[in-house]
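To start, the structure itself, in structure tokens.
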Amino acid sequence: MRLVTVLTDRGPRACLEHDGRYVDLQAADARLPDSVRGLLAAGPEALAAAARAAERGLVRYEPGQVRLGPPIVDPRKVICLGLNYRDHAIESKMAIPEEPVLFNKFPTAVVGPGHPIELPAVSSQVDYEAELVVVIGRGGRDIDESDALGYVAGYTIGHDVSARDWQLHKPGKQWLAGKTFDTFAPIGPALVTADEVADPQALGIRLRLNGQTMQDSSTAQLIFGIAYTVAYVSRICTLEPGDLIFTGTPPGVGMARTPPVWLQPGDLVEVEIDGLGVLSNPVIRRP
Ligand code: MN
């Protein structure tokens, strides 16, 4: 299933892609919640009901005539891994980590496809990072690595926008501050359920800036895999349905280039992952 959030005058609506259109799930079955996070929280039976509802859904939106929000509008946690591709750690002149490097973004950073990335006035070094995002389906704590994939609802595309001057050059190297400016966590366009992703660690991942390929790798290069990461994070905090885990970026980021490349107003960034689609966001100066 490909779950999306359609933005309507009645607010964001959980929808399922079906026959090239978006079927409003709650309109098809009043027992279903109106958000994708609510659907995940309602468990596997709700997902099965959603699949059935899509067949008879009467309220359908035409792609191209509606805007999509982030597939998870209001995640309770956005957890991120840094330096999780070997070559990216090397290009960043940082040690290849022996344990996951964790940081987070606040939910206020999350936006959907097509939403502008806003360059804040207080940064002049905003960089791009293509990432595979794990979406938690079932909550849990102290999850065994061998069971961990059972807690994953599916996958989406993420863009870990990063203000390097804040992340790396403020006192104490403030990763949180550098990574959590509003609009710095575009995700989407769809949450693709895990049953439709044969091997999430064998997906081509690319980023294009104004049509030029800047990152081109595979999730096969992840240092810490998805099951390991879910288990690791769950030793620290309770994972909940709809939580997002950004799994790190491959090489090719702007700060590692000579001269460095920083996002500029008018840029268009596209992140593509095999089987998941393309996440496209324009860049503007914060109004
Ligand atoms: Mn990142």
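The values are calculated or read from the model by the stated rules, or taken from the named source; none is laboratory data. Just so it is clear, the structure is predicted and the values come from calculations on it, not from any experiment. Neighbour counts are summed over all protein chains in view; Cβ atoms, including those assigned to glycine, are modelled from backbone coordinates with ideal geometry. Quick note on the areas: whole protein, heavy atoms, side chains included, nothing else; ligands and nucleic acids left out. Shrake-Rupley method; radii C 1.70, N 1.55, O 1.52, S 1.80 Å.
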Give me the pairs, please: first residue somewhere in the range 214-230 and within 12 Å of Asp87 (Cα to Cα), second residue anywhere and of a type in the set (Val, Ile, Thr) and open to solvent by 40 Å² or more (accessible area, probe 1.4 Å), beta-carbon distance under 8 Å, and either six or more positions apart or on two chains.
Ile223/Ile96
Condition (residue is within 27 Å of Gly139 (Cβ to Cβ) and hydrophobic (A, V, I, L, M, F, W, C)) applied to the range 53-60: is it met by at least one residue?
yes
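Please go through the range 88-118 and give me each residue that is more than 24 Å from Val283 (Cα to Cα) and hydrophobic (A, V, I, L, M, F, W, C), ordered by number.
Ala89, Ile90, Met94, Ala95, Ile96, Val101, Leu102
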Here are Val111, Val101: which of them is without any contact (Cβ under 8 Å) to a residue 24 or more places away in the chain and within 20 Å of the chain's Cα centre (by Cα)?
Val101
Pairs where the first residue, in the range 246-272, is more than 16 Å from Glu131 (Cα to Cα) and the second is part of a loop (DSSP other than H, G, I, E, B) and within 14 Å of the ligand (Cβ to nearest atom), C-beta under 7 Å, 6+ apart
Ala256/Ser92; Leu263/Tyr128
Which of (1) assigned to a helix (DSSP H, G or I); (2) more than 19 Å from Ile136 (Cβ to Cβ); (3) open to solvent by 50 Å² or more (accessible area, probe 1.4 Å) is the odd one out, the single condition Glu45 does not satisfy?
(2)
I'd like the full set of residues that are among the β-branched types (Val, Ile, Thr) and within 12 Å of the ligand (Cβ to nearest atom), limited to the range 103-135.
Val133
Scanning the range 48-89 for residues that are part of a strand (DSSP E or B), modelled with pLDDT of 95 or more and more than 16 Å from the ligand (Cβ to nearest atom), the one farthest from Gly252 (Cα to Cα) turns out to be Tyr61
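I'd like to know if the range 216-223 contains one or more residues that are open to solvent by less than 50 Å² (accessible area, probe 1.4 Å) and more than 18 Å from the chain's Cα centre (by Cα).
Yes, the range 216-223 contains a residue that is open to solvent by less than 50 Å² (accessible area, probe 1.4 Å) and more than 18 Å from the chain's Cα centre (by Cα).
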Among the residues of the range 1-12, which ones are crowded, with 24+ Cβ neighbours inside 10 Å and under 10 Å from Leu68 (Cα atoms)?
Val4, Thr5
Subset tally (residues that are within 12 Å of the ligand (Cβ to nearest atom) and open to solvent by 50 Å² or more (accessible area, probe 1.4 Å)) for the range 233-254
0
Go through the range 263-276 and give me each residue that's open to solvent by less than 50 Å² (accessible area, probe 1.4 Å) and part of a loop (DSSP other than H, G, I, E, B).
Leu263, Asp267, Leu276
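Let's see how each residue does on (1) buried (at least 17 other Cβ atoms within 10 Å of the Cβ); (2) in contact with a Gly (Cβ under 7 Å, 6 or more places away or on another chain):
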position: Gly20; (1), (2): no, no
position: Gln26; (1), (2): yes, no
position: Asp29; (1), (2): no, no
position: Val36; (1), (2): yes, no
position: Leu40; (1), (2): yes, yes
position: Arg52; (1), (2): no, no
position: Arg67; (1), (2): no, yes
position: Arg76; (1), (2): no, yes
